[in-house]
Amino acid sequence: IQKYSIILLVQERVKLLKILKLLDEKLELGIAVVLMSLMTIIIFIQVIMRYVMQNSLSWSEELARYLFIWLTYIGISYGAKKMQHIKIEAALKLFPKKMRPIIVIIGDVLFLGFSLFIIYTSYIVVQRQIDLGQTSPAMHVPIWIIYAAPLVGFVLTSIRQIQTLIYRINQLKEGGDIDG
C-alpha cells in the first residue's frame, strides 16, 4: 500500500509539473489569443449590426476597449518572456564589449524595479476603485476589473523578468550569449 501511495504521489507531481511547464510556456500567448479573438469577433458583430441591421450594440465598443487594455498588459508580459522588449542597441554598443552583458542585466534589473513599482501603484488604484464601487457605463462591470489589468500584467512581467535575470546570469557564468 505504501509503495502504491508513493507511485500516486509521483504521478500527481509529474502532472503538476507538466501543468506548470505548460503555463510557463503558453500562459500569456493563450490569454492574448483569446482576448484578440474575442475582440475581433465583438467588433465584427458590431460592424454587422451597425451597417447591415441598422442597429448597434451599446456594450460592444466598451467591451472591445477593455479587452484591448487587458491584451496590452498581457502583451508586455509576453514581450518580457521572449526577452523582446525595446533596448537601444546603439547605446549598448557605446560600452566596451566585456561590459555589455552587465549593462543588459542592469537594464533587466531596472525593468524589474519598474514592474514592481507599477504593481504597487496599481494595487493602490485597484483598492481605491473597489472602495468607490464605480461601474462601467454600458456594461455595468466594476471598474476595478479594468484597472486590475496593469496589476496582473506587471505581476506576470515581474515573474518573467526574474526568469530572464536567472537565465542571463546563468548564461554569463557559463560564458554564453545572454541575449536569449
Review point. How about the stretch 67-100: which of its residues are hydrophobic (A, V, I, L, M, F, W, C), surrounded by 13 or more Cβ atoms within 10 Å (Cβ to Cβ) and part of a helix (DSSP H, G or I)?
Key: Leu67, Phe68, Ile69, Trp70, Leu71, Ile74, Ile76, Ala80, Leu92
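If we keep just the residues of the stretch 114-140 that are of a type in the set (Gly, Ala, Ser) and more than 20 Å from Lys82 (Cβ to Cβ), which is surrounded by the most Cβ atoms within 10 Å (Cβ to Cβ)? It would help to see each step written out before you state the result.
The first filter runs over the stretch 114-140 and keeps only residues of a type in the set (Gly, Ala, Ser), leaving 115, 122, 133, 136, 138.
So of that shortlist, the ones also more than 20 Å from Lys82 (Cβ to Cβ) come out as 122, 133, 136, 138.
Values: Ser122: 20, Gly133: 9, Ser136: 16, Ala138: 13.
Ranking the candidates gives Ser122 first.
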Practice item. With the condition kept exactly as written, say whether any residue in the stretch 152-175 is open to solvent by 60 Å² or more (accessible area, probe 1.4 Å), touching a residue at least 40 places away in the same chain (Cβ under 8 Å) and acidic (Asp, Glu). Key: no
Revision key, fill the gap. Across (1) modelled with pLDDT under 85; (2) part of a helix (DSSP H, G or I); (3) not aromatic (Phe, Trp, Tyr), Gly113 clears everything bar (1)
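Quick grid of which residues meet (1) open to solvent by less than 80 Å² (accessible area, probe 1.4 Å); (2) farther than 23 Å from Ser122 by Cα; (3) not in a helix (DSSP H, G or I):
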residue: Gln11; (1), (2), (3): no, yes, no
residue: Leu20; (1), (2), (3): no, yes, no
residue: Asp24; (1), (2), (3): yes, yes, no
residue: Leu27; (1), (2), (3): yes, no, no
residue: Arg65; (1), (2), (3): no, no, no
Practice item. Could you check Ser58 against (1) open to solvent by 40 Å² or more (accessible area, probe 1.4 Å); (2) part of a helix (DSSP H, G or I); (3) out of contact with any Gly (no Cβ under 8 Å at 6 or more places or on another chain) and say which number it fails? Key: (2)
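Based on this model, can you work out whether Ala148 counts as open to solvent by 60 Å² or more (accessible area, probe 1.4 Å) and in a helix (DSSP H, G or I)?
Working: open to solvent by 60 Å² or more (accessible area, probe 1.4 Å): no; in a helix (DSSP H, G or I): yes.
Judged against the criteria, Ala148 is not a match.
The values are calculated or read from the model by the stated rules, or taken from the named source; none is laboratory data. Note that the coordinates shown come from a computational prediction; the quantities given were computed from them, not determined experimentally. Cβ coordinates were reconstructed from backbone atoms using ideal geometry, including for glycine residues, and neighbour counts include every protein chain displayed. Protein only, heavy atoms only, side chains kept; ligands, DNA and RNA dropped before computing areas. Shrake-Rupley method; radii C 1.70, N 1.55, O 1.52, S 1.80 Å.
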